Ligand SMILES: Cc1ncc(C[n+]2csc(CCOP(=O)(O)OP(=O)(O)O)c2C)c(N)n1
Ligand code: SF4
């Protein structure tokens, strides 16, 4: 048995370690008023509180962008990296320390554009981590440039006469990646749905990818309904294995039944032009092998002394 | 029969070349091993065809080994080749074109091509040999294939053994040891196969005895300590395991890949993992994430991969995360010469990142150092929370050298990952004003929750745009380099400690330089040389060492303009990389001699360059 410090012993006996929301609060967030990122932050903090997650057991990794400031505002371990590369750092953390929980936050430019390669391959590795992409359909931190998910015809600083490329269908891209194991979509302004989606993602073993439609009132107010009003341009997916749909949403938007274990059905929904953004669990497959587990299974677990002995055996082969 | 004449030698260079797939490499490695067992030192270089399946009987298909044998320790591939065994004239031609053969080279070649049905082959065979002969070569045309077929039907599967037997005779090798070696190669095969191969070996021995009326004797003294023979990439990989690295994250690139192949082998048995990432950016990203989380991790690459990693190199410096990056240098720029040596990545390693990014750069000079450098690199990376770049090269990567078997202990391993609680108020960048050092907090430690950011930050790890804080953070990161520098010792000078010329170098060119220095000193010239294991920070005392010589010159393998080029003058001349750094570091007028031949410089080439420099009137 490990020896415990006195305080730890008392805490353990009395079960006084009771994390409150404050335990997860880092620096004061510096996003703009009305920014959708606030809602995502408090949703994650609430989930941690409800799940009583030990703050030291979490590493939040991000790239660069408004959204990537996230780790600063969360009182866990945090790594605010470089633009587009969050998935690689996160993969490293999990491979290095499978005992830690990894949360990745990225913007749409961060993930789908500059980080495109790492996004696709990260999904294919299916390393155990929760990935949240805050998709405001714009480059916000650099002040209003077109992003891969910006709707065709949108005027931005780099496309003043309207963007010419059709927006990227990131859901259907991901459903085409071998090993995709958890793919959900939610929105920053549908609180109950957001909470439930993040919680489901957190409990998934493998890469749980959540695209969060996020309001940026500064640069893309037009993207998801007018002026912050909850005019919902989306369709809810209903499934007993999926994300429960609250009663309030039933009146707001159409609901379709969807079996989240059916990849073909998921692809059809993702490809449907006439349906607005589907919210819910699009695809779920808990039996996909998890990369960190597979990779670690290839290595023998040995003591340092044994390692020296085996290294000596290796050196024997080179000895004249 | 008359006893063959015995020719005593201190050292010799022998090559064995054939078409890819004809087994020269296997035979040559056995020859090298037996020579080492008998007590010769050696340096072997692989001769690798440029394509995976080149057409046979062409220069491009030439495959084999070049072995320098010596009665004294060797640190490099030496000068021109003295003996070459070739299975066809095109293999031979590729070595002639590479300017690798001495004028009086002894050639042993299969004579079957002299009577080939194809007239072009007959003609080119004759022309190539005649040409060599007029230059002074001593040529033995031997029925290698014909003789092989007296024992087996398919000569492709045995003539390498016949050739090996011939080399065994020529170099007076102990045929019992050679036969044992052959049996051990085929130990998984039947007794019959083993016997057949030994019979082929004996056949070759007898064939050589009938044809060649002399034998070489290279004095050998069995080694007092156990020795290992391996190439530099294997040494890096073994050194990495011995250093306690547990993860390697990589993307394949020549000539670095074989180090990661070796690591993949070792790690499986020794509790580590190799992650093949989607590109070099991801490779370093994963390595950084893993080391940040406490796991000793390295990434191994070559020039083009280093170019892709630059933004992450900066992040490593900014976040003060320990990391070791091995760059097995090849010819550049761009794809350049993928399989060939160059020392072209010194300046880009130092300066590729935006802003000021102080980092440690180390360069092993031989294969033994490739092993030991990994242990030092990990310790520095962790103790100083710094990026350590290890620059090896294609010559070290594929060359094989003998060196004393390293002693292993758990002491070179790091302590287990720290999971102890962090006292309240501990800062993630609690810089010590004098040393710049600070305690690293590792994720998972209770109470230590903090942010690690690519943005400028305060000791608390918080984003900070304050002018003074930015100045301070830079100073602290720079200070660590100073702290390390103070712990380094003044480099040793080889040869004369003062005199007319000091040669400065780094990396694997040290061996041939020291040999050139030896030869000049034998003629009474006052010359010394110094090799820098640390390129960042430079070791202390360089200016003082330089001041003891009339002239200082760097010799290295990257591009510089030659003084005797009529287009070059004081204004236009571009210096080689190390000389550029040393000029600014010491304000001494350091000259340079550098080449980008895609191969190491030979001691005699360096000797010529140094002689010229010594004879020069002005500095
Ligand atoms: C290598 C590199 N290129 C460009 C940038 C500039 N940059 C910072 S954030 C950003 C895009 C931000 O958009 P997004 O990822 O969608 O995140 P958001 O700010 O909208 O949350 C860009 C281009 C950078 N920091 N690094
Ligand atoms: S610019 Fe947009 S995304 Fe960035 S903080 Fe402001 S509202 Fe949020």
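Numbers at a glance
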{"quantity": "Checklist (1) at pLDDT below 95; (2) closer than 24 Å to residue A:153 by Cβ; (3) away from ligand 2 (no atom under 16 Å from the Cβ) applied to residue A:223, failing item", "calculated": "(3)"}
{"quantity": "Number of the exception - residue A:123 against (1) surrounded by fewer than 17 Cβ atoms within 10 Å (Cβ to Cβ); (2) more than 16 Å from ligand 1 (Cβ to nearest atom)", "calculated": "(1)"}
{"quantity": "Which listed residue is within 15 Å of residue B:160 (Cβ to Cβ), assigned by TED's automatic domain parsing to the domain that holds residue B:177 and in contact (Cβ under 8 Å) with a residue 24 or more places away in the chain, from B:26, B:72", "calculated": "B:26"}
{"quantity": "Matching residues, the range B:276-291, being surrounded by fewer than 24 Cβ atoms within 10 Å (Cβ to Cβ) and more than 16 Å from residue B:307 (Cβ to Cβ)", "calculated": "B:276, B:278"}
{"quantity": "Any hit, the range B:303-310, residues being facing chain A (nearest Cβ under 8 Å), free of Cβ contacts under 8 Å to residues at least 60 places away in the same chain and away from ligand 1 (no atom under 16 Å from the Cβ)", "calculated": "no"}
{"quantity": "Test set (1) in contact (Cβ under 8 Å) with a residue 40 or more places away in the chain; (2) within 12 Å of another protein chain (Cβ to nearest Cβ); (3) closer than 24 Å to residue B:450 by Cβ - residue B:320 fails condition number", "calculated": "(2)"}
{"quantity": "Cβ-Cβ under 8 Å pairs, at least 6 apart or on other chains, the range A:125-142 side over 25 Å from residue A:290 (Cβ atoms), far side more than 16 Å from ligand 2 (Cβ to nearest atom)", "calculated": "A:135/A:170; A:137/A:151; A:137/A:167"}
{"quantity": "Residue, nearest to the other protein chains (Cβ to nearest Cβ), within the range A:31-45, restricted to residues that are within 13 Å of ligand 1 (Cβ to nearest atom) and outside any helix (DSSP H, G or I)", "calculated": "A:31"}
{"quantity": "Flag if residue B:31 is in contact with a strand residue (DSSP E or B) (Cβ under 9 Å, 6 or more places away or on another chain), more than 14 Å from chain A (Cβ to nearest Cβ) and either closer than 26 Å to residue B:217 by Cβ or surrounded by fewer than 21 Cβ atoms within 10 Å (Cβ to Cβ) (or both)", "calculated": "no"}
{"quantity": "Selected residue (criterion: surrounded by the most Cβ atoms within 10 Å (Cβ to Cβ)) from residues of the range A:95-114 that are closer than 17 Å to residue A:69 by Cα and within 11 Å of chain B (Cβ to nearest Cβ)", "calculated": "A:104"}
{"quantity": "The range A:173-206, subset over 14 Å from residue A:37 (Cα atoms) and either within 14 Å of chain B (Cβ to nearest Cβ) or within 16 Å of ligand 2 (Cβ to nearest atom) (or both), residue surrounded by the fewest Cβ atoms within 10 Å (Cβ to Cβ)", "calculated": "A:178"}
{"quantity": "Output for the range A:66-88, where each listed residue is surrounded by 24 or more Cβ atoms within 10 Å (Cβ to Cβ), facing chain B (nearest Cβ under 7 Å), over 14 Å from the mean Cα position of the chain (by Cα) and not in a loop (DSSP other than H, G, I, E, B)", "calculated": "A:77, A:78, A:79, A:80"}
{"quantity": "Unique residue being over 17 Å from residue A:68 (Cα atoms), crowded, with 19+ Cβ neighbours inside 10 Å and within 14 Å of ligand 1 (Cβ to nearest atom) when the list is A:133, A:170", "calculated": "A:170"}
{"quantity": "Within the range B:478-576, strands (runs of 3 or more DSSP E) holding 3 or more residues that are crowded, with 21+ Cβ neighbours inside 10 Å and touching a helix residue (DSSP H, G or I) at 6+ places or on another chain (Cβ under 8 Å)", "calculated": "B:499-505, B:527-531, B:549-556"}
{"quantity": "3 or more residues in contact (Cβ under 8 Å) with a residue 60 or more places away in the chain and either within 11 Å of chain B (Cβ to nearest Cβ) or under 30 Å from residue B:290 (Cβ atoms) (or both): qualifying helices (runs of 4 or more DSSP H) within the range A:257-320", "calculated": "A:291-297"}
{"quantity": "Considering residues of the range A:46-65 that are farther than 13 Å from residue A:18 by Cα and assigned to a helix (DSSP H, G or I) only, the residue nearest to the other protein chains (Cβ to nearest Cβ)", "calculated": "A:56"}
{"quantity": "Unique residue being at positive phi, away from chain A (no Cβ under 12 Å), modelled with pLDDT of 95 or more and out of contact with any helix residue (DSSP H, G or I) (no Cβ under 6 Å at 6 or more places or on another chain) when the list is B:425, B:355", "calculated": "B:355"}
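The values are calculated or read from the model by the stated rules, or taken from the named source; none is laboratory data. The structure displayed is predicted, hence computed values, not measured ones. For neighbour counting, all protein chains shown are included, and Cβ atoms are generated from backbone atoms with ideal geometry for every residue, glycine included.
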